[in-house]
Amino acid sequence: MTDKTFLEDNTNAIHQIKTIPALESFSEEDLERLLSASRIETYKDGDLIISEESAPDNRVYYLVSGKVKVIKNGRELMILRRTGDVFGEIGVVSGVARSASIFAVGKATCLEVTMSHIDYLDETSRLTFKYMIYRSFAEIMANRLKKTTDELMAAHQEIERLKKK
């Protein structure tokens with residue numbers, strides 16, 4: 001790869017990840033440092049990105065474009081389609097085997113961040129990126145917990161309704 005190709009690829013990568021809402025306020029210099037701990041991967045329709053029950057690892061994914069579906073025990077749980085949607089965070093936070101499989105739906109481009117690589121950045125960058133990543137994890141988990149709680153309450157109400165019949 002020539003230096004010119006590398007610079008063009010790097011510029012394109014920075015442009016792509018700048019579309020992720022959690023990263024849009026970062027400078028190009030910050031994004032270049034994040035890229036040093038990351039890679040951008042494009043998947044074809046049906047490609048397996050994460051395998052349910054696979055060994056724990058420290059990679060988290062941000063959807064840049066396209067869609068991915070989340071499958072658990074052979075059942076589709078959701079389709080992620082928004083730029084910046086995150087998956088793989090549960091394994092990073094908990095250190096347990098992957099809890100679901102993720103498949104590309106059509107062409108999907110993801111930013112794959114290897115959390116252990118962030119530890120090699122300078123202290124300010126490391127703290128900034130970990131803060132950003134873990135804050136986004138907290139927001140995602142809070143939203144998912146609310147959705148799960150709402151679904152659980154609806155199921156309880158339906159059970160009570162059926163008991164009265």
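A short reminder: the numbers here are calculations on the coordinates, not readings from a lab. Here the structure is a predicted model, which is why all the values come from computation and not from measurement. Neighbour counts run over all protein chains shown; Cβ positions are idealised from the backbone, glycine included.
Below are the figures for this structure:
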quantity: Contour excess over end-to-end distance, with Cα ends at Leu145 and Ser36 and 0.36 nm allotted per residue; calculated: 36.0 nm
quantity: Cα principal axis extents for the chain, largest first, Å; calculated: 73, 35, 29
quantity: Per-q log10 I(q)/I(0), the stretch 10-81, q = 0.20, 0.27 Å⁻¹ (Debye; single scatterer per alpha-carbon; no solvent); calculated: -0.97, -1.33
quantity: Nearest-ten-degree value, helix 3-17 long axis tilted from longest Cα axis of the chain; calculated: 30
quantity: Extent along principal axes [Cα atoms of the stretch 39-83; Å; largest to smallest]; calculated: 26, 23, 17
quantity: Most mobile of Leu63, Leu121, Leu80 in a GNM of the chain (Cα contacts under 10 Å); calculated: Leu121
quantity: Exposure proxy ranking, count of Cβ atoms within 10 Å, fewest first, for Ser36, Ser27; calculated: Ser27, Ser36
